[in-house]
Amino acid sequence: MTMKVRALADLKTLQKVIAQRAAAEAAAREAERLHALRIDREKRLFELAVGPVRPLTHQRRVVHPPAPVSTEPRQRLLDEHAVMREALSDEFDVETLLHTDEALSYRRPGLGPDVTRKLREGHWSIQKHIDLHGLRTDEAREALGRFIREAHQLGLRCVRVVHGKGLGSPGRTPVLKGRVQRWLVQKKEVLAFVQARPAEGGAGALVVLLKPVGR
């Protein structure tokens, strides 16, 4: 009798499990049916909105190949172009632009004489310098152009350019002095320059005032 009761209980449990599984399967099928109905309804709504449609017989696609990437280093090209823009001429007539005082000086047109006076008196402290001793003319031209450009980009206002007194040159005349003056006058970053004070190089150097950044 006990075994029969237990068998009936197991049978009911099995029937319950089967019924639950069947209900789950039925619910899943119903969910799929409802999903399919929703998709079909949305499709019909789209067709009603756009009207009759016909599939394309030919797929006329235009394939755009990716643009080739240049292997040339961009920054180097920009630097080379900047050097080309220097175009500092040795034939530039600077004499008419220099002011004859106790030492030749230059100030950009529109600036008053107080600018060169303050520059000579050390109103602006020298923040960086370049020594062009021993360089050939072409090397000195490129080095000076790069130095002025980079100093201006750094926001420096006052720099010193050492060109030498020419004591070791044939005829003991300064080779670079006149050229450096010509080059500096042609640089848009330069506002003025004066001969350096004795402690800063005297007749063998120039103290240069640069434009503020952004001007």
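The values are calculated or read from the model by the stated rules, or taken from the named source; none is laboratory data. Just so you know, these numbers come straight off a predicted model, no measurement behind them. Neighbour counts are summed over all protein chains in view; Cβ atoms, including those assigned to glycine, are modelled from backbone coordinates with ideal geometry. Please note that ligands, DNA and RNA were not included when accessible areas were found on the heavy atoms of the full protein model with its side chains. Shrake-Rupley method; radii C 1.70, N 1.55, O 1.52, S 1.80 Å.
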Between a first residue in the range 197-215 that is modelled with pLDDT of 90 or more and of a type in the set (Lys, Arg) and a second residue that is assigned to a helix (DSSP H, G or I) and surrounded by 12 or more Cβ atoms within 10 Å (Cβ to Cβ), which pairs have beta carbons less than 7 Å apart while being 6 or more apart in sequence or on different chains? LYS211/HIS152
So, of the residues in the range 178-195 that are among the basic types (Lys, Arg) and under 15 Å from PHE147 (Cα atoms), which turns out to be most open to solvent (accessible area, probe 1.4 Å)? LYS188
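Do we find that THR137 is hydroxyl-bearing (Ser, Thr, Tyr) and modelled with pLDDT under 65 in this structure?
For THR137, the condition - hydroxyl-bearing (Ser, Thr, Tyr) and modelled with pLDDT under 65 - is not met.
Please pick out the residue among GLY145, GLY164 that is crowded, with 18+ Cβ neighbours inside 10 Å and over 35 Å from the mean Cα position of the chain (by Cα).
Values: GLY145 fails: over 35 Å from the mean Cα position of the chain (by Cα).
Answer to the check: GLY164.
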Tally the residues that are surrounded by 17 or more Cβ atoms within 10 Å (Cβ to Cβ) and more than 20 Å from HIS123 (Cα to Cα), restricting the search to the range 148-161. 1
